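Take a look at the structure below.
The values are calculated or read from the model by the stated rules, or taken from the named source; none is laboratory data. All values derive from a computational prediction rather than experimental measurement. Note that we place each Cβ from the backbone using ideal geometry, even for glycine, and neighbour counts take in every protein chain shown.
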Amino acid sequence: MKERFERQTYWRWKIALYLFFAGMGAGSYFVGILNDLFWGKALYLSRIGVFWGTVLVITGIPFLILDLGRKDRFLRAGINPRFAWVGRGFYILSIFIVLGVIHIGFWIWPFQILEVDRLLRIVLSIINGVFAMAVMVYTGLLLKSMRSVHFWDTPLIVILFVISALSTGIICLVFFSMNHPIGEGNSNPLDFLLKTDSVLIILETLILAFYLVNMANATEASKKSVASLIHGELKLLFWGGVIVCGLVLPFLLKAFEGFSSRSGLAGLTLISNVMVLIGGLFLRYSILAAGVQATPLMRNYR
Amino acid sequence: MRYGMVIDLNRCIGCHACSIACKIENATPPGVFWNRVFQVEEGKYPDVKRFYIPILCMQCEDPACIKVCSTNATYKDSRNLVQIDEQKCIGCKACILACPYGVRFFNEGAKYFSIDVPWGEAEKDHQKGTVSKCTFCAHLIEKGDEPACVSACPTGARLFGNLSDPKSALVQLVKDRFGFQLHPEFGLNPSVYYLPPKGSTLGVVYLTLKSSLGKE
């Protein structure tokens, strides 16, 4: 099939920011809840996750609405959730935010009913934990369902987005709990989180590489997408923003921190954390911007 | 009843009359071309040929755009044609990215023509910030006319009619001349068929003469 190729210009920064905030928020909510359900110590971490997770997802919504052609009609996005991922996302996000706000209200604000009854809190955590995961998965599936962009048409993009969401979510937890008196138990939960994050960064790098190699061998359009990232128009953004700033440097900084003495390196941790966040945003943007639409011109009839 | 179109690539001379006729008839905003004509080159030197291919909404039987529309703004009307209700569209642009034929456009602006002469007969108020695409000139079909691009084509490369009738000229042409759909493997079953180009000017002249003589 002879085809015509065009870089898509329809979903750019606003959608990237939205995907980033939604992923980060849902990630930190999810990790916060895991901490509450399975570890049960250092509950302030869970509180921070629940609170900032919900707030960050809410922060992403305006970007989504701003990207619409008709912003005044955004409530209609929920009319057809049967097939459309935009419509499904509308409900996933709405339910997540409502349950998250209830969670905040009950647990953190003065009412604190859930503090009294732990079972209720656990049930709410599990239900909204599922929705937090759904938000992370949906950000990938939204792109995957766009047929004309072959670069997005793979389950790997979902896995990549989920891992990036968890990684940035953990950073978010660490970031907001830095000033908190650390260590309710014997071990420092932040240390554990940062180590987990290093593992996630390695995993993310591997999956990103696998994704790109896969796409470089898929179709003509996805080849062009990969080329624009590796040595095309987006190479600075990709190598500088995603690879060096988002993956390599944070990992090196963390490794350096691990080998050296523990004290006096809060500044380094902060820098590497900010880098992971910037990398997460650039990852979303470069994947969006690299999307090449392939449209047919002619079949191969000879 | 399933409206369809057959476009004979032997006859298309790349004059873009269909694109202009479409723009006049439907008063589409700047940058929006519901019908476009592309130039295609095939083969390697010295065995090269060049031809033109008009691309418009394929009016799929099982459209990808309807599935991703979260507001039901894209729908199938009573004539089985895929249409967009600009009053319902929120401009999320998902359908533009989902359509594998690249025939959907985002209306950046609404007004285009600066004079108040009534040109085409379609509704001219395209809404800014919504998505639009070829309607197969549903307002003309309603009156029993052909779409504007079909009647504007100087070489008669386009044929419009009923695809579900096995005796119609459309179906016969597709059968006799090895008509093909674009991306049939996607399973969307487009209603626009193309007749493969043979690439010789003489052949085009011959076909045009033959059919115009045959008509009279």
When restricted to B:Asp47, B:Asp85, B:Asp62, the only residue closer than 21 Å to B:Cys137 by Cβ, among the acidic types (Asp, Glu) and surrounded by fewer than 18 Cβ atoms within 10 Å (Cβ to Cβ) is B:Asp85
In region B:67-101, residues that are more than 9 Å from every other protein chain (Cβ to nearest Cβ) and of a type in the set (Ser, Thr, Tyr) total 3
Note on region A:1-40: residues closer than 20 Å to A:Asn273 by Cβ and among the hydroxyl-bearing types (Ser, Thr, Tyr) are A:Ser28, A:Tyr29
Per the filter on region A:153-174, residues in contact with a Lys or Arg (Cβ under 9 Å, 6 or more places away or on another chain) and within 16 Å of A:Val242 (Cβ to Cβ) are A:Ile157, A:Phe161, A:Ser164
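A quick yes/no check of all residues on (1) among the charged types (D, E, K, R); (2) within 13 Å of chain B (Cβ to nearest Cβ); (3) within 23 Å of A:Ile287 (Cα to Cα):
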{"position": "A:Ser28", "(1), (2), (3)": "no, no, yes"}
{"position": "A:Ile48", "(1), (2), (3)": "no, no, no"}
{"position": "A:Arg76", "(1), (2), (3)": "yes, yes, no"}
{"position": "A:Arg82", "(1), (2), (3)": "yes, yes, no"}
{"position": "A:Gly89", "(1), (2), (3)": "no, yes, yes"}
Checked region A:75-98 for anything buried (at least 19 other Cβ atoms within 10 Å of the Cβ) and among the β-branched types (Val, Ile, Thr); matches are A:Val86, A:Ile92, A:Ile97
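Would you confirm whether or not region A:22-33 contains a residue that is closer than 21 Å to B:Cys92 by Cα, surrounded by fewer than 23 Cβ atoms within 10 Å (Cβ to Cβ) and in contact (Cβ under 8 Å) with a residue 40 or more places away in the chain? Working first, answer last.
Pass one, region A:22-33, residues closer than 21 Å to B:Cys92 by Cα: A:22-23.
Pick out the ones that are also surrounded by fewer than 23 Cβ atoms within 10 Å (Cβ to Cβ) and you get none.
The answer is no; no qualifying residue exists.
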Of the residues in region A:58-74 that are at the interface with another protein chain (Cβ under 8 Å from one of its Cβ atoms) and hydrophobic (A, V, I, L, M, F, W, C), the one that is farthest from B:Ala94 (Cα to Cα) is A:Phe74
Against the definition (of a type outside the set (D, E, K, R), touching a strand residue (DSSP E or B) at 6+ places or on another chain (Cβ under 6 Å) and either modelled with pLDDT under 70 or surrounded by 11 or more Cβ atoms within 10 Å (Cβ to Cβ) (or both)), how does B:Tyr194 come out, yes or no? yes
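A quick yes/no check of all residues on (1) under 20 Å from A:Phe21 (Cβ atoms); (2) in contact (Cβ under 8 Å) with a residue 12 or more places away in the chain; (3) among the hydrophobic types (A, V, I, L, M, F, W, C):
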residue	(1), (2), (3)
A:Arg88	yes, yes, no
A:Leu99	yes, yes, yes
A:Val123	no, no, yes
A:Phe151	no, yes, yes
A:Ile163	yes, yes, yes
A:Leu166	yes, yes, yes
A:Gly169	yes, yes, no
Every listed condition ((1) away from chain B (no Cβ under 14 Å); (2) touching a residue at least 40 places away in the same chain (Cβ under 8 Å)) holds for A:Leu141 save (1)
The residue from A:Leu236, A:Leu277, A:Leu288, A:Leu270 that alone is under 17 Å from A:Phe161 (Cβ atoms), at pLDDT 75 or above and away from chain B (no Cβ under 14 Å) is A:Leu277
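Tell me which residues, restricted to region B:50-59, are β-branched (Val, Ile, Thr) and either surrounded by fewer than 19 Cβ atoms within 10 Å (Cβ to Cβ) or closer than 30 Å to A:Arg82 by Cβ (or both).
Here is the first cut: in region B:50-59, the residues β-branched (Val, Ile, Thr) are B:53, B:55.
Correct list: B:Ile55 only.
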